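Visitor: Please find one structure pasted underneath; my questions will follow.
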Amino acid sequence: MLGVDAVDIALAERIAAVRERVGDAALAAGRDANGVTVVAVSKTMPRSAVDEAVSLGLTHFGENRVQEAREKFAEPLPPGASLHLIGQLQSNKARHACQLFACIESVDRLSLVDTLAAEAAKTERLMPVLIQVNLAGEAQKAGCSPEDAVALARRIMGTECLRLDGLMTIAPLVADAEETRPVFRGLRELRDQLRDDLLGQDLPVLSMGMSNDFAVAIAEGATHVRIGRAIFGER
Ligand SMILES: *Cc1c(COP(=O)(O)O)cnc(C)c1O
């Protein structure tokens, strides 16, 4: 009993600390903290940890593997809580992804747009998506190049069942979070440029920033921060 309570308290304290740091970062940037959504990244964590986090008020959860998420969320989340896919999506998992996730943040190629559009049409739902951009050009990272983003955006906008909400990126892992600033700024500038190129498309969402660097991302306009370890502890 003692052990279980101790876990609850640690999670509650970490969530409170993250909320405070998100609030401070928003305030420092002259932004409203309500404009920043925390997506709690629950990959590798058990369902019990997610349920505790829901009971502590978190509403958005991020998973990077479709199969893991299917098993973990065989019992759906309560109304008001939702799942984001933040990891690379293979086309053969697109159907399950459309059934399970409220947003697919990792759209990175034209063929995936076509597959997702077909699957979303079958489930008769409007599927919100983000384009994942590999801004730093890191060879091992997923995401399209900034140059390819406009073609992807046009393709998504040409579908009936996908809704393009914005962009997502993962910054390089660096010792000093400040070094990630050009990446986050670059994603915001790319969004602004796309907004101008694609007349009439708002693209409100910028999903950027993780446990190490979310304060810098918020300073550069993040609307969604994907936070794993700072909430659930080390994996
Ligand atoms: C794991 C992961 C995160 C969270 O990383 P932490 O360092 O645990 O905060 C965020 N985004 C993506 C795409 C991830 O895979």
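We did not get these values from a lab; they are worked out from the coordinates using the rules stated. Here the structure is a predicted model, which means the values were calculated and not measured. Positions of Cβ are backbone-derived with ideal geometry, glycine not excepted, and every protein chain shown enters the neighbour counts.
Visitor: Does Arg95 meet the test of being outside any helix (DSSP H, G or I), free of Cβ contacts under 8 Å to residues at least 40 places away in the same chain, surrounded by fewer than 18 Cβ atoms within 10 Å (Cβ to Cβ) and of a type in the set (D, E, K, R)?
Guide: No.
Visitor: Would you mind finding the one in Ala151, Ala139 that is more than 13 Å from the ligand (Cβ to nearest atom), assigned to a loop (DSSP other than H, G, I, E, B) and surrounded by fewer than 19 Cβ atoms within 10 Å (Cβ to Cβ)?
Guide: Selected residue: Ala139, the only one of Ala151, Ala139 that is more than 13 Å from the ligand (Cβ to nearest atom), assigned to a loop (DSSP other than H, G, I, E, B) and surrounded by fewer than 19 Cβ atoms within 10 Å (Cβ to Cβ).
Visitor: Turning to a different aspect of this structure: State which residue pairs qualify: first residue free of Cβ contacts under 8 Å to residues at least 60 places away in the same chain and under 16 Å from Met168 (Cβ atoms) and inside region 56-85, second residue within 13 Å of the ligand (Cβ to nearest atom) and part of a helix (DSSP H, G or I) in any location, beta carbons under 7 Å apart, and separation of 6 or more residues or different chains.
Guide: Glu63/Ala69; Leu83/Ala69
Visitor: Against the condition over 30 Å from Ala10 (Cα atoms) and without any contact (Cβ under 8 Å) to a residue 24 or more places away in the chain, how does Asp197 come out, does it pass?
Guide: So Asp197 does not fit the description; no.
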